[in-house]
Amino acid sequence: SNAATPSEPLQQVLSKTRMSDLVRDIDPNIYMEDEVEEILLSYVDDFVDRVLNGASMIAKHRHVNNIEVKDVQQFINRNFNMWAPGLGTDELRP
Amino acid sequence: GTQIRSCKEEFFLNMNALQHRIRLAVAKHGLDEPSNEVAAVISHAAQERVKNLVEKLAIITEHRLEMVKS
């Protein structure tokens, strides 16, 4: 469905399978408790919402009608001290 | 027009769930729907973030185990 009804329960953006794959890639000896995994999964939901909110604010500040990759990159760069990899080498500053 | 890609892209995040959140966010801010590249870059960023956190947690765990040993 295309309707984004707020009452709809939101599906988690990260699956346990994907998380386990990543953890195994980092170090196959890591054992992660279920509780820790749950915290990280909900952290990712929160992270995504914060990024979307921040990128929306930046896009609005630029007086454009949609979020562009550079808005996401700028928010991430400023708030998480990391670089969003790949996808274009656009100038960061508008 | 719509760009169709021949290569299969594997994303870290569940794209349906992510698109849903994107729609909610842009509706809240009165923006139009962004391109698929925005979803892709958010997915990559989330992957980097989780990787960084798990690596840090692994280091903390290692230190804790060392302290137990000594």
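The values are calculated or read from the model by the stated rules, or taken from the named source; none is laboratory data. All of these numbers come straight from a predicted model, not from anything done at the bench. We place every Cβ from the backbone using ideal geometry, glycine too, and count neighbours over all the protein chains shown.
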### Query
A:Ile39 is checked against (1) farther than 17 Å from B:Val54 by Cα; (2) of a type in the set (A, V, I, L, M); (3) modelled with pLDDT of 95 or more and fails just one. What number does that condition carry?
(1)
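Go through the residues of region A:36-44 one by one and say whether even a single one is under 19 Å from B:Ala40 (Cα atoms) and free of Cβ contacts under 8 Å to residues at least 12 places away in the same chain. Explain how you work it out, then say what you get.
Step one: filter region A:36-44 for residues under 19 Å from B:Ala40 (Cα atoms), giving A:41, A:43-44.
Now restrict to residues that are free of Cβ contacts under 8 Å to residues at least 12 places away in the same chain: A:43.
Yes, the conditions are met somewhere in region A:36-44.
Got a number for residues in region B:18-61 being outside any helix (DSSP H, G or I) and at the interface with chain A (Cβ under 7 Å from one of its Cβ atoms)? Outline the logic, then answer.
Of region B:18-61, the ones outside any helix (DSSP H, G or I) are B:30-35.
Right, trim to at the interface with chain A (Cβ under 7 Å from one of its Cβ atoms) and you get B:31-34.
Number of matching residues: 4.
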### Query
When residues of region A:33-43 are filtered for being at the interface with chain B (Cβ under 7 Å from one of its Cβ atoms) and of a type in the set (Val, Ile, Thr), how many remain?
0
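Residue-wise test of (1) within 16 Å of A:Glu37 (Cα to Cα); (2) touching a Phe, Trp or Tyr at 6+ places or on another chain (Cβ under 7 Å).
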site: B:Phe12; (1), (2): yes, no
site: B:His29; (1), (2): no, no
site: B:Glu37; (1), (2): no, no
site: B:Arg49; (1), (2): yes, yes
site: B:Met67; (1), (2): no, no
### Query
Just wondering, is there one or more residues in region A:6-25 that are modelled with pLDDT under 95 and under 17 Å from the mean Cα position of the chain (by Cα)?
yes
### Task
For B:Glu10, indicate whether it is in contact with a strand residue (DSSP E or B) (Cβ under 7 Å, 6 or more places away or on another chain) and facing chain A (nearest Cβ under 10 Å).
no
## Note on the structure
Flagged in region A:44-65 as surrounded by 15 or more Cβ atoms within 10 Å (Cβ to Cβ) and either facing chain B (nearest Cβ under 7 Å) or more than 15 Å from B:Lys28 (Cα to Cα) (or both), in numbering order, are A:Val44, A:Asp45, A:Phe47, A:Val48, A:Asp49, A:Val51, A:Leu52, A:Ser56, A:Ala59, A:Lys60
